[in-house]
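Structure record follows, encoded as structure tokens.
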Amino acid sequence: MENNNMNNQTNETNNVNGTKFKTVSDPGTYKTVYEIDNKPKKQHSFGKSVVLPFFSGIVGCAVVLGTCFTVPTIRNQLFGSTNSSSTGTSSSSQSSGYVDQVSLSNYSDTAVYAANKILPSIVGIEIQYNVTSMFSIFGGNQTSTATATGSGIIISEDGYILTNNHVVSSSEAEAYYQVSEATKVTVKLFDDDTEYDATIVGTDEETDLAVIKIDATGLTPAEFADSDSIKVGEFAMAVGSPLGLQSTITCGVVSAVNREVTDSDGKTYTLIQTDAAINAGNSGGALVNSEGKVIGVNTLKLTGTDVEGMGFAIPINSTTDITSQLIQYSKVRRPYIGITGMDLDAETANANHLVEGIYVRDVETFSAAEKGGIKIGDVIIKADGQDVKTMDELNEVKNSHSIGDEMTITVNRNGEEMDLTITLGEQP
């Protein structure tokens with residue numbers, strides 16, 4: 001029975017995935033071996049088997065790629081990650097204390113926003129004054145009318161405008177000509193051809209600030225930023241009427257803060273430096289940040305063949321008290337000592353057998369200095385316990401006080417030091 005079963009061969013045809021196999025039983029091993037049925041298959045043409053699938057693949061790829069590029073979300077997923085990584089900030093820079101880097105792709109929108117925000121609060125100013133020429137070729141003195149332009153910042157909806165003192169105070173005298181005070185001040189509003197006559201409310205030569213007023217209501221006052229918090233490198237826009245061109249903007253960055261600059265008259269100011277172009281007529285206009293808020297009052301620039309992009313603005317935080325006093329008193333009320341002093345450096349002091357400090361050359365009658373016992377020939381060496389060697393340093397300590405405050409002055413008199421207490425008066 002066993003041999004008969006082993007000798008029996010069974011041939012069956014199976015179909016696996018479309019391929020026909022013939023099953024052959026091997027009586028010696030009980031294993032089943034599959035042999036491919038080599039029956040000839042039906043032949044297909046070259047076009048159907050090769051060309052048609054090839055072109056179908058090309059068409060399919062084109063459809064897929066077209067869909068990816070036309071659907072924004074898919075396109076951003078494919079290409080956005082590379083762009084975002086190139087503008088990102090490393091974790092090390094974030095932990096170093098510096099502000100994060102940002103993309104400049106929205107720079108234009110920032111400038112447009114800042115301009116639209118501040119322009120309604122900026123005015124153009126024109127000043128008329130008389131110039132009298134001495135020793136005219138026609139004999140005697142000759143007077144003519146001249147004009148100058150500047151800018152201003154609206155600080156209240158009822159017409160108060162902040163500007164520079166040198167914009168509205170043109171009085172000057174030289175050997176062969178004399179310039180009068182302003183005879184007429186005219187203001188033009190943003191995008192408005194109407195001219196307004198302005199009156200000068202108050203001026204302050206020491207800070208180069210002034211306030212004027214026009215008879216108008218419903219104006220747009222500028223918003224002030226905190227100028228103490230600005231950073232070097234941040235966006236800055238200068239706005240004004242340079243050369244009489246109304247509502248001109250120039251853009252740059254904050255180049256430096258707390259920069260000490262001395263003008264042609266020898267006055268020293270602590271200012272914001274910017275590379276935003278400031279030209280004649282920009283004086284009194286605004287320097288604003290990316291939010292269109294005022295950080296400074298444009299006041300001067302450096303000029304020369306080797307100079308480019310060095311403009312300066314008065315920090316707006318330092319103007320608020322001055323502006324309030326100009327509106328209230330038409331001047332700035334400052335504490336006053338009442339001396340005329342000369343700075344003594346070490347070399348000059350040694351040559352005159354004195355100590356380094358401030359030599360008192362004159363004491364005004366009935367002044368706080370006279371009442372407090374300061375005498376001509378004293379050398380002031382300390383103020384409220386702080387060493388002072390220049391009049392600027394002495395004034396800095398004095399200006400930290402109010403009128404009526406007591407102040408301790410240490411002087412060296414004939415080689416001996418003494419403390420004197422003075423009660424500060426009001427600067428005439």
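For Asp215 and Thr183, what is the calculated FRET efficiency with R₀ set at 25 Å and r taken between the beta-carbons, to the nearest 0.05? Working shown, then result.
On the way: r = 19 Å, r/R0 = 0.74.
Efficiency at R0 = 25 Å is approximately 0.85.
Rg/Rh for the stretch 368-428 to two decimals, with Rh computed the Kirkwood way over all alpha-carbon pairs. When Rh is taken as the Kirkwood radius, the ratio is 0.94. For His166, the accessible surface of its heavy atoms amounts to roughly 90 Å² (probe 1.4 Å, protein chains only, rounded to the nearest 10). The amide H of Ala286, built 1.01 Å from its N in the peptide plane, has Val239, Asn298 as neighbours under 5 Å, considering only residues 5 or more places off or on other chains. For the stretch 371-421, the relative contact order is 42 percent, taking Cα pairs closer than 8 Å that sit 6 or more residues apart in sequence and dividing their mean separation by the residue count. Cross-linked pairs Lys231/Lys398; Lys117/Lys188; Lys231/Lys293; Lys117/Lys231: Cα-Cα separations exceed 23 Å for Lys231/Lys398.
Sorted largest first, the principal axis extents computed over the alpha-carbon atoms of the stretch 276-316 equal 33, 18, 15 Å. Cross-link reach is defined here as a Cα-Cα straight distance under 16 Å, omitting same-chain residues fewer than 8 places apart; for Lys184 the aspartates and glutamates meeting it are Glu126, Glu195, Asp197, Asp215. Residues Val355, Val397 ordered from highest to lowest accessible area at a 1.4 Å probe: Val355, Val397. In this structure Asp362 has an accessible area near 70 Å², from a 1.4 Å probe over the protein heavy atoms.
Using bins of 10 Å that start at zero, the share of Cα-Cα pairs per bin across the stretch 162-261 amounts to 11, 33, 36, 18, 2, in whole %. In order along the stretch 234-249, the Karplus-derived 3J(HN,Hα) couplings, from 6.51 cos²θ - 1.76 cosθ + 1.60 at θ = phi - 60°, round to 7, 4, 9, 10, 9, 10, x, 10, x, 6, x, 7, 4, 6, 9, 10 Hz, and Gly and Pro are given as x.
The HN-Hα couplings worked out from phi for the stretch 150-157 by the Karplus form 6.51 cos²θ - 1.76 cosθ + 1.60 (θ = phi - 60°) are x, 9, x, 10, 5, 10, 8, 6 Hz, whole numbers, x standing for Gly and Pro.
How long are the semi-axes of the ellipsoid equivalent to the stretch 214-346, from square roots of 5 times the Cα gyration tensor eigenvalues, in whole Å, largest first? Don't skip to the end; give the middle numbers.
On the way: eigenvalues 134, 97, 46 Å².
Each semi-axis is √(5λ); the values are 26, 22, 15 Å.
Converting phi to 3J(HN,Hα) with the Karplus coefficients 6.51, -1.76 and 1.60 and the offset θ = phi - 60°, the stretch 419-427 yields 9, 10, 9, 10, 9, 5, x, 9, 5 Hz in sequence order, with x at every glycine or proline.
The shape of the stretch 284-385 comes out oblate: with a ≥ b ≥ c from the C-alpha gyration tensor, a/c is at least 1.5 while a/b does not beat b/c.
The length gained on full extension between Glu406 and Ser156, counted as 0.36 nm times the residue separation minus their Cα-Cα distance, comes to 86.4 nm.
The values are calculated or read from the model by the stated rules, or taken from the named source; none is laboratory data. Treat the numbers as computed from the prediction; the structure is a model and nothing was measured. Neighbour counts run over all protein chains shown; Cβ positions are idealised from the backbone, glycine included. Just the protein is used for accessible areas: all its heavy atoms, side chains included, with ligands, DNA and RNA removed. Shrake-Rupley method; radii C 1.70, N 1.55, O 1.52, S 1.80 Å.
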